[in-house]
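Colleague: Below is the structure I would like to discuss, written out as C-alpha cells.
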Amino acid sequence: MAPEIGSIDVYRDPENLIESPCGIIAAGDDVWFTSIANDRVGRVRPPDDTRFPAHAAAAIGASTIGTSSPIETFADPHGRMRLPTNLFPDAYGRIWITCLGSDSLAGIDPHAADPAFTITAVRHPDLRGPVAIKSAATGLLWFSLRGADAIGSLDPRAADPATTVAIVRSGLIADPSALFIDARGLVWWVNAATATVGRLDPSSHHPAATVARFGPWPRYGAPRAWAPGPAGGLWVTTQNEPGLLRIAPPAYGAAPGILAVTWYTDPLLHSPDGVWTAPDGTVWLADSAGDTLVRFHPDAGSWERFTAPGVEGPFDIKPGPDPAYLWFTNKRGGSIGRIRVVRGDDGAP
C-alpha cells in the first residue's frame, strides 16, 4: 500500500557533513543539494532505488529518521567552491553550482566514481555574488548575480565556459535572487532590493532592452521563490506578508507595472520560502519558520499542513526522480527530506 499524502522521511548524513543545506534538485536517479555552511555539495539516493535496497543502505551506515538512504557529500579538493548556494543540471548531464562566497560557478560530474575530483571552477570579473541558476532549452545556463545587480549566462558546452559569459545590466535589476525560466523561454527573477519581479527576453539581440520590472505589491508581501503554474503561469511565495502569488499567463505581454496577479494567504503561514507544484496541480510550500510543508489547493483556496520529527527550517523544495515525492532541504536541521504528494504508485493523483 502506497504511503499517504503528506508522509515525510528525513535523511541525515552519517558523517554529519550537511550544514545549512540550501538548494536541491533531481539529477538522473539521484537528488543533489548544496551544503552552504561547510562548502560542500551532496547527493541522496532514494530509498526505493533498486541500486540501494534498504538492507544495503543500512549496511553502508546510512543514518536516517524513517527509511534508510545513502547520502554522500563532496568538497572541492582545491577549495574553490565557497558558499555553494544553488545548483542545476545542464542539458549534458553535468551539475552547475553557484558559489556565492567565491564569486564563481562550479561544475561537477555526478556520474564519476569520485565526483569531487571532477569539480571545475568558472571565474570571470563579472561573476559577483551568483545566487540562482537554471538551464534554458537553448542549452545556456542563466544565473542571478546579486553582487553585480545583473543577470548572466554562459554556454556550458564551450571548451572554456568563462569565455562565453554574457552579462545583462539594467537599472531595473536590483539585488536579483531567485530565477526561473518559463515555458516560453523568458527569464524571470526576484529583485530582493525592491520587492519586485523582473523579466527579460533572451532571444532578443539586445536582452537589456527587454528588461521589465513588475510590482511591488505592498499588500501582497515581498516575492521570494518560484514554481511553474497552470498553463504557463507562475507561482511565487511571498514574505513579510506571508502568502502565495499567482502570475497569470496572459500577463506575459503586459507592460511593466500592470502584471495580472492574484494573492492567497492563510493566518497560519509564517515565512514560506521554496515552492513547487505536484502532479495533481496542488502547490507545496516550505514554510521555514513554521517547520512545516504546506499544501495549497488552488481550486478550493484551502490549505493543509504537514510536519514530522526532523523537519527543521525547510527551505528549498523540488521534485525528485519519482513524481510521487517532493524533496526539500532542512536548512536549520542539517538534513534532507521528502514528502509524498500523490497517492498512486505511478505518480497519479
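Colleague: Considering His55, His78, which residue is at pLDDT 95 or above and over 24 Å from the mean Cα position of the chain (by Cα)? Quick ask: steps written out before the conclusion?
Modeller: Values: His55 fails: at pLDDT 95 or above.
Answer to the selection: His78.
Colleague: Also: Take segment 155-197 and flag every residue that is in contact with a Leu (Cβ under 6 Å, 6 or more places away or on another chain) and under 25 Å from Gly274 (Cα atoms).
Modeller: Within segment 155-197, Val187, Trp189 meet the criteria.
Colleague: Follow-up question, since we're still on this one. So which residues in segment 125-164 are farther than 29 Å from Glu72 by Cα, surrounded by fewer than 18 Cβ atoms within 10 Å (Cβ to Cβ) and touching a Pro at 6+ places or on another chain (Cβ under 9 Å), if there are any at all?
Modeller: Within segment 125-164, Thr138, Gly147, Thr164 qualify.
Colleague: Residues of segment 290-340 being more than 25 Å from Glu72 (Cβ to Cβ), in contact (Cβ under 8 Å) with a residue 24 or more places away in the chain and small (Gly, Ala, Ser), which ones?
Modeller: If the condition is that a residue be more than 25 Å from Glu72 (Cβ to Cβ), in contact (Cβ under 8 Å) with a residue 24 or more places away in the chain and small (Gly, Ala, Ser), then Gly301 is the only one that fits.
Colleague: Sort through Ser204, Ser170, Ser153 and tell me the only one that's touching a strand residue (DSSP E or B) at 6+ places or on another chain (Cβ under 7 Å) and of a type in the set (S, T, N, Q).
Modeller: Working: Ser204 fails: touching a strand residue (DSSP E or B) at 6+ places or on another chain (Cβ under 7 Å); Ser170 fails: touching a strand residue (DSSP E or B) at 6+ places or on another chain (Cβ under 7 Å).
When all the criteria are applied, what remains is Ser153.
Colleague: Can you tell me which residues in segment 139-187 are under 20 Å from Gly215 (Cα atoms) and in contact with a Gly (Cβ under 7 Å, 6 or more places away or on another chain)? So that I can check it myself, show each step before the final result.
Modeller: Within segment 139-187, the first condition is being under 20 Å from Gly215 (Cα atoms), and the residues that meet it are 144, 146, 149-151, 169-182, 186-187.
Once the filter is applied, which keeps residues that are under 20 Å from Gly215 (Cα atoms) and in contact with a Gly (Cβ under 7 Å, 6 or more places away or on another chain), segment 139-187 yields Arg146, Leu172, Ile173, Pro176, Asp182.
Colleague: Exactly one condition in (1) of a type outside the set (A, V, I, L, M); (2) more than 19 Å from Gly107 (Cα to Cα); (3) touching a Lys or Arg at 6+ places or on another chain (Cβ under 8 Å) is false for Ser170; which is it?
Modeller: Evaluating Ser170 over (1) of a type outside the set (A, V, I, L, M); (2) more than 19 Å from Gly107 (Cα to Cα); (3) touching a Lys or Arg at 6+ places or on another chain (Cβ under 8 Å) leaves (3) as the failure.
Colleague: Would you tally the residues in segment 230-245 being at negative phi and open to solvent by 20 Å² or more (accessible area, probe 1.4 Å)?
Modeller: Residues in segment 230-245 being at negative phi and open to solvent by 20 Å² or more (accessible area, probe 1.4 Å): 4 in total.
Colleague: Let me ask something else about it. Hey, could you check segment 256-292 for residues that are among the hydroxyl-bearing types (Ser, Thr, Tyr) and outside any strand (DSSP E or B) and say which is surrounded by the most Cβ atoms within 10 Å (Cβ to Cβ)? Steps first, please.
Modeller: Here is the first cut: in segment 256-292, the residues among the hydroxyl-bearing types (Ser, Thr, Tyr) are 262, 264-265, 271, 277, 282, 288, 292.
Now narrow it down to the ones that are outside any strand (DSSP E or B): 265, 271, 282, 288.
Values: Thr265: 16, Ser271: 17, Thr282: 19, Ser288: 22.
Restricting to residues being among the hydroxyl-bearing types (Ser, Thr, Tyr) and outside any strand (DSSP E or B), the top hit is Ser288.
Colleague: Another question about this same structure. Can we say Ala193 is at negative phi and assigned to a loop (DSSP other than H, G, I, E, B)? Spell out how you get there, then give the answer.
Modeller: Values: at negative phi: yes; assigned to a loop (DSSP other than H, G, I, E, B): yes.
Judged against the criteria, Ala193 is a match.
Colleague: Ok, one more. Kindly provide the set of residues from segment 4-39 that are part of a loop (DSSP other than H, G, I, E, B), crowded, with 19+ Cβ neighbours inside 10 Å and among the acidic types (Asp, Glu), ordered by number.
Modeller: Initial filter on segment 4-39 (part of a loop (DSSP other than H, G, I, E, B)): 4-7, 13-20, 28-29, 39.
Checking the rest, the ones that are also crowded, with 19+ Cβ neighbours inside 10 Å come to 13, 18, 39.
If the condition is that a residue be part of a loop (DSSP other than H, G, I, E, B), crowded, with 19+ Cβ neighbours inside 10 Å and among the acidic types (Asp, Glu), then Asp13, Asp39 are the ones that fit.
Colleague: I would also like to ask the following. Quick one: Trp96 ticks every box in (1) aromatic (Phe, Trp, Tyr); (2) under 26 Å from Ala183 (Cα atoms); (3) surrounded by fewer than 21 Cβ atoms within 10 Å (Cβ to Cβ) bar one, so which box is it?
Modeller: Only one criterion in (1) aromatic (Phe, Trp, Tyr); (2) under 26 Å from Ala183 (Cα atoms); (3) surrounded by fewer than 21 Cβ atoms within 10 Å (Cβ to Cβ) is unmet by Trp96, namely (3).
Colleague: Now for a different question. So, in segment 293-313, exactly how many residues are crowded, with 16+ Cβ neighbours inside 10 Å and assigned to a strand (DSSP E or B)? Walk me through how you get there before you give the answer.
Modeller: Pass one, segment 293-313, residues crowded, with 16+ Cβ neighbours inside 10 Å: 293-296, 298, 303, 305-308, 310-313.
From what is left, the residues that are assigned to a strand (DSSP E or B) are 293-296, 303, 305-306.
Residues that pass the stated criteria total 7.
Colleague: Then there's this: Please go through segment 130-146 and pick out each residue that is within 11 Å of Pro156 (Cα to Cα), among the aliphatic types (A, V, I, L, M) and under 14 Å from the mean Cα position of the chain (by Cα).
Modeller: none
Colleague: Something else now. Quick one: how many residues across segment 165-190 are assigned to a strand (DSSP E or B) and among the charged types (D, E, K, R)? Reasoning before the result, please.
Modeller: In the first step, residues of segment 165-190 are kept if they are assigned to a strand (DSSP E or B); the result is 166-169, 176-181, 187-190.
Right, trim to among the charged types (D, E, K, R) and you get 169.
Qualifying residue count for the region: 1.
Colleague: Let me confirm something: among Thr238, Thr329, Thr277, Thr265, which residue is touching a strand residue (DSSP E or B) at 6+ places or on another chain (Cβ under 7 Å), of a type in the set (Ser, Thr, Tyr), over 21 Å from Ala132 (Cβ atoms) and modelled with pLDDT of 95 or more?
Modeller: Details: Thr238 fails: over 21 Å from Ala132 (Cβ atoms); Thr329 fails: over 21 Å from Ala132 (Cβ atoms); Thr277 fails: over 21 Å from Ala132 (Cβ atoms).
That would be Thr265, the only listed residue that is touching a strand residue (DSSP E or B) at 6+ places or on another chain (Cβ under 7 Å), of a type in the set (Ser, Thr, Tyr), over 21 Å from Ala132 (Cβ atoms) and modelled with pLDDT of 95 or more.
Colleague: May I ask you to list the residues in segment 67-123 that are of a type in the set (Phe, Trp, Tyr) and not in a loop (DSSP other than H, G, I, E, B)? Walk me through it before giving the result.
Modeller: Within segment 67-123, the first condition is being of a type in the set (Phe, Trp, Tyr), and the residues that meet it are 74, 88, 92, 96, 117.
Within segment 67-123, Phe74, Phe88, Trp96, Phe117 qualify.
Colleague: Check whether at least one residue in segment 198-219 is free of Cβ contacts under 8 Å to residues at least 40 places away in the same chain, assigned to a loop (DSSP other than H, G, I, E, B) and within 24 Å of Asp266 (Cα to Cα), and report yes or no.
Modeller: Taking every residue of segment 198-219 in turn, at least one turns out to be free of Cβ contacts under 8 Å to residues at least 40 places away in the same chain, assigned to a loop (DSSP other than H, G, I, E, B) and within 24 Å of Asp266 (Cα to Cα).
The values are calculated or read from the model by the stated rules, or taken from the named source; none is laboratory data. Because the structure is predicted, anything quoted here is derived from the model rather than measured. Note that each Cβ is placed from the backbone with ideal geometry, even for glycine, and that neighbours are counted across all protein chains shown. Note: accessible area is taken over every heavy atom of the protein model, side chains too, but ligands, DNA and RNA are not part of it. Shrake-Rupley method; radii C 1.70, N 1.55, O 1.52, S 1.80 Å.
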